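Okay, so here's the structure we're looking at.
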Amino acid sequence: MSESLRIAVRPPNFSDWPALLALLQAAFADMDGRIDPPSSLARLDVDALRAKAADEHLIVATVGNTLVGCAFASIRDDCVYVGKLAVAAAARRRGVARALIGAAARLARDHGRTALELQTRIELTENHATFAALGFAKVAETAHPGYARPTSITLRRPAV
């Protein structure tokens, strides 16, 4: 990336909802057929993303005018929950996820929360490794409704 990475939390003039949806769909595509139940991303469209951003803090990563990453952060009682973290394939292994998590950690500190939390699917072991490298540790396993086996793991890290 020759231009510098920029991170924005709740960018006031963000309007490229189709690009955000495309980024998420591309980043989550390799989960198809690997995770059970399927990702909730299949139920999201541009309007749902816009509504999600109104309820949560949208964090976007850009290089120039190109959207290269995103996450949603929700302020909870004891932490900031990070969801729908995605990095474009061409921008992976370049610090984008670390920068998005850093922005979520700043948001947590600004709201008096001491931890970040996220969930990832049991099957996505490469995500487990990525999140461990970002300082997250497994704190729980959960099952989606109707499943007798764990389908997700919950990870936490200090918001430092």
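The values are calculated or read from the model by the stated rules, or taken from the named source; none is laboratory data. Please read all numbers here as calculations on a predicted model, not as lab measurements. Counting neighbours? That spans all protein chains shown, and the Cβs are built from the backbone with ideal geometry, glycine included. Side chains are part of the model used for accessible areas, which takes the heavy atoms of the whole protein and leaves out ligands, DNA and RNA. Shrake-Rupley method; radii C 1.70, N 1.55, O 1.52, S 1.80 Å.
Quick rundown of the values:
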quantity: Structure-based [θ]222 nm, the chain - -39500 (n - 2.57) summed over DSSP H runs of at least 4, per residue, nearest 500; calculated: -9000 deg cm²/dmol
quantity: Student exercise, the chain dipole from Lys, Arg, Asp, Glu Cβ charges, in Debye to nearest 20; calculated: 460 debye
quantity: Cα gyration tensor of region 81-158 - equivalent ellipsoid semi-axes, whole Å, descending; calculated: 22, 17, 10
quantity: Leu85 long-range amide H proximity, modeled H, under 5 Å; calculated: Phe72
quantity: Length-normalised contact order of region 74-137 in % [C-alpha pairs under 8 Å, at least 6 apart]; calculated: 39 percent
quantity: Volume per residue that the Cα convex hull of the chain spans, once the total is divided by residue count, Å³; calculated: 118 Å³
quantity: Accessible-area value, Arg109, 1.4 Å probe, nucleic acids and ligands omitted, Å²; calculated: 110 Å²
quantity: Average accessible surface area per residue within the chain, 1.4 Å rolling probe, Å²; calculated: 52 Å²
quantity: Largest to smallest accessible area among His111, His128 [probe 1.4 Å]; calculated: His111, His128
quantity: Selected from Ala51, Gly146, Ala97, residue furthest toward positive end of dipole (the chain; charges at beta carbon); calculated: Ala97
